[in-house]
């Protein structure tokens, strides 16, 4: 078993160049990926089902494992260095770990069933919980004093809140001005170095850029979806088809948007846009993923094997 | 290998699904529409109903998670 695992990892570590576009004739930038690391395989116990990922400047990779109720730290070669957490609602414990972000010194983790943000140091020691009274759907950290969260506003519109390390709110951005129904405001978000927010709507064909004062700078629809599929479930009418699953920014401020059900390759097609919203390229990942994460060194992290495997890729531009 | 892979996928997805809505589910339910079925059960669950608004938000959060992470 172990031998097979090693062989699998070796095979996965072989450099892989994936040609990536469905619109080769039109794309203005060719983007390809080169696999440099694969953590977790079907026949090992490194990862059971990862949900959140973050990487620091030293090359350490941190993973929230939903089936293991844990936070894990891997070195740059993919070796498990430390594991923390267990099932529970106490300090440093998890029931349904979800989002993860890191600053220079700390890690920030959320749990679907526990309100607030848990803060750990880089040795995975629990430090504190930042209180917040509503469920969060996205989280990004620019520094320990600038933490941005996307707040689910069910049944009303959601908002982005920027707060400091103690949970004191600095600014709020109401990005969705009207109540179009439950969950229509669900977004993934990214924050650039100038303080602009990029939003990708989960159930609408909308990608937007906003400034911190709450002004929408542009809005794009890439999929040509006019009507949102809805279904009555219980007392609510809920959207059923996912347009965009996640969004991340590379080191030049380009947007990487993971497309959902309407894409040619659902959960694999990644649209690359300029900061001004122009479509540049489409990248097709080898396996389906639920999230995209690009670290400060411009490495791309995605899922494979339904979350059992974490892949790290180098982004190559031509 | 493929059989083992499929088994692992099914087990992992089933377990994660249980985490989302805190309920038991058979592997046979893992198909298109699983999130709709799960959130319906979640809405109808007496415990979540007893929690009123918070129970509803819990179910809706689970639905969003399911759509993003699990729905094929």
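Numbers at a glance
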quantity	calculated
For residues of A:251-263, the mean tally of beta carbons on other chains within 10 Å	1
Label-point gap, in nm, between residue A:75 and residue A:128 - each point 7 angstrom along Cα→Cβ	3.2 nm
Efficiency of FRET between residue A:166 and residue A:317 - r from beta-carbon atoms, R0 35 angstrom, step 0.05	0.30
Euclidean distance between Cα centres, segment A:299-318 to segment A:69-91, Å	20 Å
Segment A:64-122: relative contact order as a whole-number percent, Cα under 8 Å and 6+ apart	24 percent
Rounded, prolate or oblate (a/c below 1.5 giving rounded, otherwise prolate when a/b exceeds b/c) for segment A:120-188 by Cα gyration tensor	prolate
FRET efficiency estimate (nearest 0.05) - Cβ-Cβ, residue A:276 to residue A:83, R0 51 angstrom	0.75
Highest-first arrangement of A:41-49, A:124-132, where packing means the average Cβ count within 10 Å	A:41-49, A:124-132
Relative contact order %, chain A, counting alpha carbon pairs below 8 Å whose residues are six or more apart	15 percent
Per-residue average of Cβ from other chains inside 10 Å of A:233-241	5
Partner chain coverage, peptide A:300-307 - average Cβ within 10 angstrom	3
Net lengthening on full extension, residue A:121/residue A:264 (0.36 nm per residue, minus Cα-Cα)	47.4 nm
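Bear in mind these aren't lab numbers, they're just calculated from the coordinates by the rules spelled out. Model, not experiment: these values are computed from the prediction. So basically every Cβ, Gly included, is an ideal-geometry build from the backbone, and we count neighbours across all protein chains shown.
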